[in-house]
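One structure is given here, and the rest of the page talks about it.
We did not get these values from a lab; they are worked out from the coordinates using the rules stated. The shown structure was predicted, so the numbers you read here are calculated from the model rather than taken from an experiment. Methodologically, a virtual Cβ is constructed for each residue, glycine included, from the backbone with ideal geometry; neighbour enumeration extends over all protein chains shown.
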Amino acid sequence: MKKILSSFIILALVLTVLSNTVIAVVIPRVGVLGPSSGTVEVGGTIRYPVSIKNNATSVNLKPSDVQLNGCTANISIEGSGNTDRTVVLSNIRGSVGATCWIKILGGVASNSAGVSLETGASTAFTIVATVNNNPTPSTPNNNNNNNSNPNNNNTLPPNVNNNGGNNNSNPQPQEPEEETDKTNPTMQIGGFSKDSINLGDEIYFEVSYSDDKEMGDITLNENDITLYGFKADIKISGEGNTRRVTLSNVQGHLGGLKYVKIAGNTAKDKAGNSVKDGGKTGMFKVISKDTKNKPDDWVENPNTGI
């Protein structure tokens, strides 16, 4: 009887260990649900619910972790704790008819098993023309010559009151004071031109800046760019509010996932407000046509893959 009881206790302990092990190896899963609307007017707002699954013990989703494609917008995050979040896109700008969507970069949620992976592209929404809900009223007809209604006060010429006096005592409207621009411009980092490249090849991505009024100087340079998991020659080109970052002669371990971080304060608007937050790209692999690729060896460590 004692042997049976001992065997039962040992079996229960083994099952408990196995159960805990199964739970521990499941990393958090981040998913982007559908947008709050399928269309949005230029300058409007869209909300994307983001689900956090598999018992995350830490969630640190920031605006710089949201990759925006097809448009520009001000990005903010709602929610707290280790549960779901909402990505809010406001002051959306882009071509009428263009589609826009988001991706969430990897590493925004974690538990004892590891960090979350990058999400796929979300369901897109379409930018539509702004509807004018306040049309300019038509100018009323001048009825001064309408003798059928001589007592109609609406026919009086301007600046004349009912007693025939001049109405210049009324104060003239003043020009409204110009509103001070205190809003920081934003930076959007596009996806890589390829998911994987051969050792020694080049790859590029684009960085776009936007402001709710007018962009000023863009000062993005090579010193603002940090490479994680690889080495490469960096070249920045482009004009207007978009810059292309080209990485050539890419060198690094095969199979490991590589990414890039962009510093903040790389552009200003006309009022002198700077881009506040930096950001990071998605990830790509370095492969070789002559060598069998190693399994993914990337972990959250800047030196992995060099």
Rough spin-label spacing in nm, given labels placed 7 Å along Cα→Cβ, for K53 and A113:
1.1
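Full-extension gain between A124 and S37, please, as 0.36 nm times their residue separation minus the C-alpha to C-alpha distance. The partial results should precede the final answer.
Working: separation 87, 0.36 × 87 = 31.32 nm, distance 0.95 nm.
Full extension from A124 to S37 adds 30.4 nm.
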Taking a ≥ b ≥ c as the square roots of the eigenvalues of the Cα gyration tensor of the range 29-129, is the shape rounded (a/c under 1.5), prolate (a/b larger than b/c) or oblate?
prolate
In nm, the gap between the two label points placed 7 Å beyond Cα toward Cβ at N69 and K270 is 3.3
Rg/Rh for the range 184-306 to two decimals, with Rh computed the Kirkwood way over all alpha-carbon pairs.
1.04
Mind ordering 200-207, 280-287 by average Cβ neighbours within 10 Å, highest first?
280-287, 200-207
Would you please put 266-276, 106-116 in order of how densely packed they are, using the mean number of other Cβ atoms within 10 angstrom per residue and starting with the highest?
106-116, 266-276
Electrostatic dipole magnitude of the range 184-306 [Cβ: Lys, Arg +1; Asp, Glu -1; Cα centre; debye, to 20]
280
Considering only Cα-Cα distances, which of the following residue pairs are longer than 27 Å: K103/K258; K53/K194; K194/K261?
K53/K194
Peptides 252-263, 31-42, 180-191, 233-244 ordered by average Cβ neighbours within 10 Å, highest first:
252-263, 180-191, 31-42, 233-244
